[in-house]
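The values are calculated or read from the model by the stated rules, or taken from the named source; none is laboratory data. Just so you know, these numbers come straight off a predicted model, no measurement behind them. Neighbour counts are summed over all protein chains in view; Cβ atoms, including those assigned to glycine, are modelled from backbone coordinates with ideal geometry. Only protein heavy atoms, including side chains, enter the accessible area calculation; ligands, DNA and RNA are left aside. Shrake-Rupley method; radii C 1.70, N 1.55, O 1.52, S 1.80 Å.
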Amino acid sequence: MVGMETEGLFRFIADHSPVGIYFFKDNRFVYVNPTLAHIFGYTPEEIVGKLGPLDLTHPEDRHLVRLKIHQRLRGGAEHVRYEFRGVRKDGRTIYCEALGSRVEVEGGPAIVGTLIDVTERKKMEEKLWWELGVKSSISDIARIMVALSSSVEEIAEVVLDKAQALTGSPHGFASVIDPATGGDMRIVVTEAMKGCSLAAREKKAAFARGKDGCYPGLWGHALNLGASFYTNLPEAHPAFRGVPKGHVPIRCFMAVPAVLGDRVLGQVALANAPNGYTDRDLEAVERLVDLYALAIEREMETQALIESEEKYRVLTEASLTGIFIQQDGKYVFANERFARIHGYEVEEVLGRHYLDLVYPGDREKVKAIVARRLKDREAPREYEIRRLTKEGRIVWCRMLAGKIRYKGRPAIMGNIVDISDIKALEVELRASLNKLERTLEGTIRAFASAIEKRDPYTAGHQRRVAQLARALAWEMGFDGHRVEGIYMSGLVHDVGKLSVPVELLSKPGELTPTEFEIIKAHPQVGYEILKDIEFPWPVAKIVLQHHERLDGSGYPLGLKDGEILLEARVIGVADVVEAMASHRPYRPALGVEAALEEIQRGRGAVYDPQVVDACVKLFVEKGFQFEG
């Protein structure tokens, strides 16, 4: 009788488990629960007795799965946990995590275990590491760019190296357009391409436009379009014209032009990634090449002048996961893994109040969730909590639980997995991302310094504008996060002046209309420099709009009133006041009083009235002074 009751209990647990449970012998499933069948798009009846583990396995992973099965059947390991690719009934590939153990059934070996779908976790992990890789690459490139002594060849080498690493491409080149001849000059090629006749040509003579004005073949297609592209069937591409003598065969190809404004300045091209190219590969390389375009521009100017979250490692009694049933506030069932997570034996857990094993700081949260679930009210099915071990140690766990009826009465059945290692990884990743953000912030400060070094007459201008803008933001009641964004934007609001010849920045006389048009392009150039750096504030848009005015008389877009970000209006007023109060090559300082008269004259028509009022109050009532 006791045996039947135990068998019924485990059958009940298996049928209601939120993770897949399986049992197979002689390469055929003897039992699968509804969850496992659902993961693969079947009903249990379509699997049991008809299919085996390899029938649900991706062909390329069958050798792995077969090896793991044999390893368990031979007794080589008590428990085996591994990931593999599965194939659903509809043919879609999914990622699975299997955990299982060898058991003896009717005198022969069999395997019992659990399986969870980790496809979403894989996607999240892949996206996180991809983003981290791209940001890290951008940071490395930017650090080299702010060293004004770095040549475009040195920057191109780093850009190409990072692009190869992100896409897995063994071959590639980076080039610039010769402004004198229009020829596409290869300045950096990968080691594997150096024996190619194409790479051996003289730079100035290589890759000229054809008589039709276009660059030839796949190599020139992106330059002709002024747009990025990739192909995984190069010989079928309309631009394909074969490959030069000595060139490696091209199995797939990508090219990203270095574009600034409406000018194509060069390109980065890659070939022969093992698995072809994707939209994500293209996006990553485009973000690197945006910085490369700036590097080329600077070089030219210098010479003339970057489970499913693991839901659970859930098993039944033969598994490595924690399973429990709690009823009337006490544990009425717990498997061995659940007990061991907490440092107890199973007998020590049964009869305990469920909150005894919860960290005191999380007890109210858990108590509220359990109460809502028992009352059939909305409650999270999955959540993370801190648990307490017998020794008082804190263990981070992920819970997956739901309301059931056990022996005719309401109960909570759940699965629990120790995610302390994942939490530790999250801390490391968060630290890495914070470090990258600090690096990007340092990069922006270096850009600001670079601008000021090019124009000694405006040394400290950006810093002083940032000081005043920050004070204005506090005066206007902005929160700390927004204030920091305005300050950072102020530090780089003139970064676009990297595109302006030094002679114009330091010209003592009035500018000609043509020269002024060159100066007026700097907000747009600044936007192009900053647009792909992922700040937690709209820095690029603020820089773009800081010369816009309420009546539409500003530049470069002629925006009006509500079209202009409030942060840009703050920077705009601070820019005007600092510029008038300071010395310029073409005039002496006009003073703060004249500056305040100017913004009051334009209050409500040209300048935002709220910003103007705050600025006047800062200087007149609170005695604001520029530092340094």
| said: My understanding is that a pair violates if its Cα-Cα distance is over 25 Å; which of LYS135/LYS531; LYS50/LYS123; LYS127/LYS365; LYS375/LYS407 do that in this structure? | reply: LYS50/LYS123; LYS127/LYS365
| message | Could you sort the peptides 216-228, 615-627 by per-residue average Cβ neighbour count (10 Å cutoff), highest mean leading? | response | 216-228, 615-627
| task | Show LYS403, LYS367 ordered by accessible area, largest first, where the area counts protein heavy atoms only and the probe is 1.4 Å. | result | LYS367, LYS403
| message | Taking R0 as 45 Å, what FRET efficiency do you get between ASN224 and ALA589 from their Cβ-Cβ distance, rounded to the nearest 0.05? | response | 0.35
| said: Which order do you get for TRP537, TRP474, TRP396 if you rank them by accessible area with a 1.4 Å probe, largest at the top? | reply: TRP474, TRP396, TRP537
| note | Residue separation between ARG482 and GLU510 times 0.36 nm, minus their alpha-carbon distance, gives in nm 6.4 nm
| remark: Under the Karplus relation with 6.51, -1.76 and 1.60 and θ = phi - 60°, whole-Hz ³J(HN,Hα) for region 590-595, x at Gly and Pro, equal 8, x, 5, 4, 5, 5
| What accessible area, in Å² to the nearest ten, does a 1.4 Å probe give for SER582? | 20
| Protection-proxy order for peptides 541-552, 346-357, each taking the mean of Cβ atoms within 10 Å per residue, highest first | 541-552, 346-357
| query | So what's the gap between the Cα centers of region 208-286 and region 6-62, to the nearest angstrom? | reply | 48
| query | Would you list TYR42, TYR292 from the most to the least accessible area, probe 1.4 Å? | reply | TYR42, TYR292
